[in-house]
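Here is the structure we will look at, set down as structure tokens.
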Amino acid sequence: DWTDKGMGGTPHGTACAEIVYDMAPGATLYLHKVASTVDLGKAVDRAIADGVDVITMSLGWTIDGPGDGTGYLANIVQKARQNGIFFATAAGNEADETWHGFYQDDGTGRHRWPSGQWVNEITSTIYGGQVLRAGLHWDDWTGTGQDYDLELYRWTGTTWEYVYGSYNRQSAGYPSPQEYVGIYAPATGRYGLVVRRHSATRDACFRVLVPKMGALQEFSNRRSLTYPADSPDAITAAALDVGSPYALQPY
């Protein structure tokens with residue numbers, strides 16, 4: 001038996017189910033529509049109750065833990081595995097939409113990217129009204145109060161103009177070291193990310209991610225998995241070019 005989950009309102013889940021059918025035409029399919037982490041937990045509980053053997057899921061979340069295989073979503077995958085279910089999930093399509101490394105202050109409280117710039121530009125044009133998402137998390141899961149912020153800027157033609165920001169105030173272990181921006185783009189144009197130190201005693205190692213937004217001007221393939229692909233109880237695969245040296249593909 002297979003469980004496949006589709007993204008509500010799009011043909012994506014249907015296409016995934018068709019692939020499963022092509023690969024295993026004798027299998028029984030149980031289709032679950034998932035729009036949130038809570039939905040996923042309920043779908044897995046139902047899959048366990050239905051006695052399925054395999055869950056295949058083509059979906060990932062931007063932030064949900066430190067990226068070391070732990071967190072809310074990883075616990076859901078672990079529950080499925082503990083009940084004998086093989087859990088296959090997407091690696092994500094963000095190989096060139098992710099950057100990670102240590103914070104370097106440019107002297108004004110902003111992170112200086114390797115190029116020396118304080119903005120990491122999204123290279124694709126963002127259209128007015130388009131959903132624009134970005135996430136940030138860093139290595140302070142023991143809760144020492146390292147506090148960083150994530151800001152979104154738009155290029156006006158002459159300067160970078162502030163648009164929006166995420167400003168959770170991390171202290172004494174709460175909230176978790178994560179920031180998330182999700183807005184409708186106010187105008188068509190070029191957008192970029194700024195990471196800013198609010199209050200920190202050390203240079204944290206952080207990751208930024210702009211899922212489905214287009215490549216960042218400065219990106220790094222490593223640690224580009226979306227959640228819960230980082231779970232040790234999940235199976236996923238990278239996409240490599242067919243020719244030597246088998247470069248990692250952005251999808």
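The values are calculated or read from the model by the stated rules, or taken from the named source; none is laboratory data. What you are looking at is a predicted structure, and each value in this text was computed from that prediction instead of being measured. Cβ placement follows ideal geometry from the backbone for every residue including glycine, while neighbour counts extend to all protein chains displayed. Side chains are part of the model used for accessible areas, which takes the heavy atoms of the whole protein and leaves out ligands, DNA and RNA. Shrake-Rupley method; radii C 1.70, N 1.55, O 1.52, S 1.80 Å.
Pairs of Lys residues in the chain are counted when their Cα atoms are under 18 angstrom apart and they lie 8 or more places apart or on different chains; the count is 5.
Relative to the longest principal axis of the C-alpha atoms of the chain, give the angle of the C-alpha long axis of helix 12-23, reported between 0 and 90° and rounded to the nearest 10°. Computed tilt is about 40 degrees. Can you tell which of GLY145, ASN75, ALA134 lies farthest toward the positive end of the dipole of the chain, using +1 and -1 charges on the Cβ of basic and acidic side chains (Lys, Arg; Asp, Glu)? My answer, from the dipole projection, is GLY145.
Let me spell out the model: positive unit charges on the Cβ of Lys and Arg, negative unit charges on the Cβ of Asp and Glu, origin at the Cα centre of the range 178-232. What dipole size does that give, in debye rounded to 20? Could the numbers behind the result be given before it?
Values: 8 positive and 4 negative charges, 17 e Å.
Result for the range 178-232 is approximately 80 debye, rounded to the nearest 20.
Counting heavy atoms of the protein chains alone, MET213 has an accessible area of about 10 Å² for a 1.4 Å probe. Computed over the range 141-208, the P(r) tail beyond 14 angstrom holds 60 percent of alpha carbon pairs.
Its Cα centre serving as origin, the chain has a Cβ charge dipole (Lys and Arg +1, Asp and Glu -1) of approximately 420 debye.
Mean separation of Cα pairs under 8 Å and 6 or more residues apart, divided by the residue count, gives the chain a relative contact order of 26 percent.
Note on the range 149-208 and the range 41-101: Cα centroid distance 26 Å, given to the nearest whole angstrom. In the full protein context, the range 151-240 carries 49 Å² of accessible surface per residue, based on a 1.4 Å probe and ignoring ligands, DNA and RNA.
Given R₀ = 41 Å, what would the calculated FRET efficiency be for THR123 paired with ALA49, taking r from the Cβ atoms and rounding to 0.05? Don't jump to the answer; show the numbers that get you there.
On the way: r = 45 Å, r/R0 = 1.11.
The pair THR123/ALA49 has a calculated efficiency of 0.35.
Across the options GLN217, ALA43, ALA200, the greatest Cα extent toward the positive end of the charge dipole of the chain (unit charges at beta carbon of Lys, Arg, Asp, Glu) belongs to ALA200. With a 1.4 Å probe rolled over the protein heavy atoms of all chains, the accessible area of LYS33, LYS79, LYS212 falls in the order LYS33, LYS212, LYS79, largest first. Eigenvalues of the alpha-carbon gyration tensor of the range 180-251, scaled by 5 and square-rooted, set the equivalent ellipsoid semi-axes at 27, 19, 14 angstrom, largest first.
Leaving out ligands, DNA and RNA, and with a 1.4 Å probe, what % of the accessible surface on the chain is carbon or sulfur? Provide the component values of the computation, followed by the final result.
Numbers: 6520 of 12370 Å².
Ligands and nucleic acids excluded, carbon and sulfur reach 53 percent.
Three principal axis extents of the range 93-234 based on alpha-carbon atoms, in descending order, are 41, 40, 26 Å. Using the Cβ-Cβ distance between TYR21 and ILE183 with R0 set to 41 Å, the FRET efficiency works out to roughly 0.60. For GLN249, what is the net charge nearby, where nearby means another residue's Cβ is under 15 Å from its Cβ and Lys, Arg count +1, Asp, Glu -1? Result for the local shell: -3.
With charges only on Cβ, +1 for K and R and -1 for D and E, what is the dipole size of the range 131-251 about its Cα centre, in debye, rounded to 20?
Values: 11 positive and 12 negative charges, 49 e Å.
The calculated dipole for the range 131-251 is roughly 240 debye.
Structural size metrics of the range 32-104, computed from C-alpha coordinates, are Rg and Dmax of 14.0, 51 Å.
Available extension along the chain between ARG222 and ASN93 is 45.2 nm, counting 0.36 nm per residue and deducting the alpha carbon span.
Note on the chain: Kirkwood hydrodynamic radius from all Cα pairs is 19.5 Å, rounded to one decimal.
Helical content alone sets the calculated 222 nm signal of the chain at -4500 deg cm²/dmol, taking -39,500 (n - 2.57) per DSSP H segment of four or more residues and averaging over every residue.
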